[in-house]
Amino acid sequence: MEEAKRNPVNFEILYNTYYEKIFRFVYQRVDKKEFAFDITQQVFMNAMLNIKKYEYRGLPFSSWLYRIARNELNQLFRKNSSHRTINIDETDLRYVADEMKVDALEEYSQKLPDVIAELDEDDLQLIEMRFFEKRAFKEIADILDITENNAKVKLYRVLEKMKEAILNK
Amino acid sequence: MKKKVNINRESISSEEIASQKRFGSLIKSYPAVTNPYRRTSWRTKSIVWVAMASVVLVYYVIKGESSEGFIRPPFEEVNIATTDYSVDASKGGDFTYKSGTKIVVAENSFLDKNGNVVKGNVDLKYREFRDPIDFFLSGIPMQYDSAGTKFEFESAGMIEIKAFKEGNALTMNPNSPVKVQLITTGDASDFNLYYLDTVAGNWAYKGKADTKRQMNAAKYLASVDSLKDTGSVMVAAKEEFADVQVKQEEEKLNKIREEIAKLEKRTPFLPRQLDETKNHFKIKADTNLFPELAIYKNIYFEVSDENENFTPDIYKTAWEDPVISEYRKGESYKLTFRKGKAVHAFIVFPTLKGSDYDNAAEEFSGKLKKHSQALAAKKEDEIKASHDFETAYNARREPAKMQLNQSAGGTTQILVTLSAFGNWNCAFPINLPTGASLALKLEDIDGKQLGEGDFYMVDKNRNSLFHYQTNTLSRFEFDPKSQNVFWAVVDKKMYVFTPHDFANVNKTAGEYTFQLRKIDKEIARKEDLSEVLGI
């Protein structure tokens, strides 16, 4: 880290270590992999440009990179919302439905994609990070720059909102 | 606005992700900051930020354009020609290239530079590169950088497909991609797909090749060949490749073999002369079981000295009919006596006595000679019949095998859904050959050192083109067990080092000079190159 701060050429180790993680974070949120590769490259460029600002004070470097990626994506989606894509594995939907503690699991699983697609970006990020990317609350909190407890509370409020939306469908 | 949702999108492998790492590109785009970024006036900061933003902007702009400067065909006028197709973009169409490759163009496959779907007629240009000479003439690099490790490609086939409307290059509509069914000989099931990224100047890994190969026929053929080794070829012939002639030859061969078996069983046998001082029995042998004995009358079975348990008391018992069985073929038999639970078996020799023996002995040599001649003749017939059968069998098998090969038994169909126009390669990364290592110097046959240029080698066991720069020849390796050909292109002239030249190389010399022969023949076609290189 300190070497990378002194000379960007030394950033390569960090680049190689975190490349796949960042790519998958980006690719989870866009449609085309070529586009995701481009954005990933830009994330690392931003990281290199701002590496001197990073100091470890309880925030893991990976979470710092994820924040940069999230910011990069948010800027992109503000310019063109059509770039935003939600990528779901069907098995993950059952986890979401299960977490909502509902009886008609199958029925809920089928309606979830539509409900998820209608969530605003902040709520969507919580669902994605918790259920599709299987992140711990601590990591979610680091990325979103909120407390762990806050992350839990927010997530369960989103689930309640989704449950209500399904019942109204 | 409702967001797009993909359910169960195909996952992407770690390898594919790793193949896209471009730290080199990143560092090239990184701004050279001469002063440390410290507190400066807002004006200086603004200038720095604008400069950085410009660098980033330029990075994106450059990335959007394609650069093919690293594709360098060695000859301006000799290259693999494209085949042109005209397609109605709204309707799509199927096209079959001369190799059998099928190009399937869907409706609305083409986008213009603004991302709009193209209507009307589109010019599709397609060509294939199959062998090292194709690779050489194309000038397309066959080297692959995989996360910093360099490999050579062994290719099952490379294609180039481009689309134009009124001279303007088109891009592929990702919602309606073009598909290619590339036909290649051999088994390409372990190969990968690569796309030539002309911006990055490298091949990009695109996943495992989706191949289709008819293995049943190939497996059957392999099993037929293995049956042949065990002598059961007739079973195989009946089941698959038999036709009328093959069956006839097979029946003829079988008949001859049966006759030989019968003849061998009737090999003339001369009983011994009875030693009347030894114990013996007079028992009628079953002529069906022992035809070699049937020709003799009054056979006595003399008890062999091998029997340790024989006693003359055996004559005192009225035994059930004794049973004769063969003991040592052509020599001795076993005689078994039973009565109730009592069983005795003895080794015996068939013998004749007196005039019976004299007459038999006199006739025997004639009979043996006659029999030997008959057997020899039958064996000759067997050899001929076997040859006739093999000929008929192979004559039927080879066309069948080729037919199966052509109908995808021995070929592979590589199914590619293209994500872009350009060059695609079904290939496998391999290392440079090894075996013999030399510090190489290159001269022409007059002893004049060759200058800077491009140097190539083909190992005839691989469908690869190995490309060397001058400074990599200080440790040149090749497989001495293969047939290799090496050539140089220096100042637009070609020089060659043939397989015959390779055979004379002192592989343990350490330092060695290749003297390459200059090619004076004009290279006007691929065939000219094949001729001078011998590949």
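Ranking B:Gln483, B:Phe502, B:Ala524 by Cα position along the charge dipole of the range B:433-533, where only Lys, Arg, Asp and Glu carry charges on their C-beta atoms, puts B:Gln483 farthest toward the positive end. Per residue, the convex hull spanned by the Cα atoms of the range A:122-169 amounts to 61 cubic angstrom. Once the Kirkwood radius over Cα pairs is known for the range B:275-352, the Stokes-Einstein relation at 20 °C and 1.002 mPa s delivers a diffusion coefficient of 165 µm²/s. One chain, two ends: B:Asn116 and B:Lys316. Fully extended at 0.36 nm per residue, the span grows by 60.5 nm beyond their Cα-Cα distance. Ligands, DNA and RNA excluded, the heavy atoms of A:Phe137 present near 20 Å² of accessible surface to a 1.4 Å solvent probe. Between A:Met100 and B:Phe95, the simple label model (points 7 Å from Cα in the Cβ direction) yields a spacing of 5.0 nm. If the chain linking B:Glu363 and B:Ser176 were pulled fully straight, counting 0.36 nm for each residue of separation and taking away their Cα-Cα distance, it would gain 58.0 nm. Computed over the alpha carbons of the range A:2-83, Rg followed by Dmax gives 12.9, 39 Å. If you bin all the Cα-Cα distances of the range B:433-533 at 5 Å, starting from zero, the percentages per bin are 2, 12, 25, 28, 20, 9, 3, 0. Label positions at B:Asn108 and B:Val199, each projected 7 Å from the Cα along the C-beta direction, are separated by 2.6 nm.
With r defined as the distance between the Cβ atoms of B:Ile7 and A:Ala136 and R0 fixed at 35 Å, what FRET efficiency is calculated, to the nearest 0.05? For B:Ile7 and A:Ala136, the calculated efficiency is 0.85. So, how do all the Cα-to-Cα distances of the range A:90-167 break down into 10 Å bins, in percent, from 0 on up? P(r) over the range A:90-167, rounded to whole percents: 19, 55, 24, 2.
Using the Cα coordinates of the range A:62-104, the gyration tensor eigenvalues translate into equivalent-ellipsoid semi-axes of 29, 15, 9 Å, sorted from longest to shortest.
Here the contact order of the range A:2-83, divided by its residue count and restricted to Cα pairs under 8 Å and six or more residues apart, works out to 31 percent. Electrostatic tally near B:Leu440: other residues with Cβ closer than 13 Å to its Cβ, Lys and Arg +1, Asp and Glu -1, net -1.
Taken along the Cα-to-beta-carbon direction at a fixed 7 Å, the label points for B:Ala524 and B:Thr434 span 4.6 nm. For the range A:35-96, the Kirkwood estimate of hydrodynamic radius, built from reciprocal distances between every pair of different alpha carbons, is 13.5 Å.
All C-alpha to C-alpha distances of chain A, sorted into 5 Å bins beginning at zero, yield P(r) values of 1, 8, 17, 19, 18, 15, 10, 6, 3, 2, 1, 0 percent in whole numbers.
Computed over neighbours whose Cβ is under 9 Å from that of B:Ile414, the net charge equals 0, Lys and Arg +1, Asp and Glu -1. Could you tell me the calculated FRET efficiency between B:Lys460 and B:Lys370, based on Cβ-Cβ distance and R0 = 56 angstrom, to the nearest 0.05? After rounding, the FRET efficiency stands at 0.45.
Candidates A:Leu159, A:Met129, A:Asn16 compared by Cα position along the dipole of chain A: farthest toward the positive end lies A:Asn16, with charges placed on Cβ.
What is the calculated FRET efficiency for B:Thr277 to B:Ser355, with r their C-beta to C-beta distance and R₀ = 30 Å, to the nearest 0.05?
The calculated FRET efficiency here is 0.95.
The values are calculated or read from the model by the stated rules, or taken from the named source; none is laboratory data. If you're wondering where the values come from, they're calculated on a predicted model, not measured in any experiment. Note: ideal-geometry Cβ built from the backbone for every residue, glycine included; neighbour counts use all protein chains shown. The protein model used for the area step is the full one, side chains on, heavy atoms only, and it has no ligands, DNA or RNA in it. Shrake-Rupley method; radii C 1.70, N 1.55, O 1.52, S 1.80 Å.
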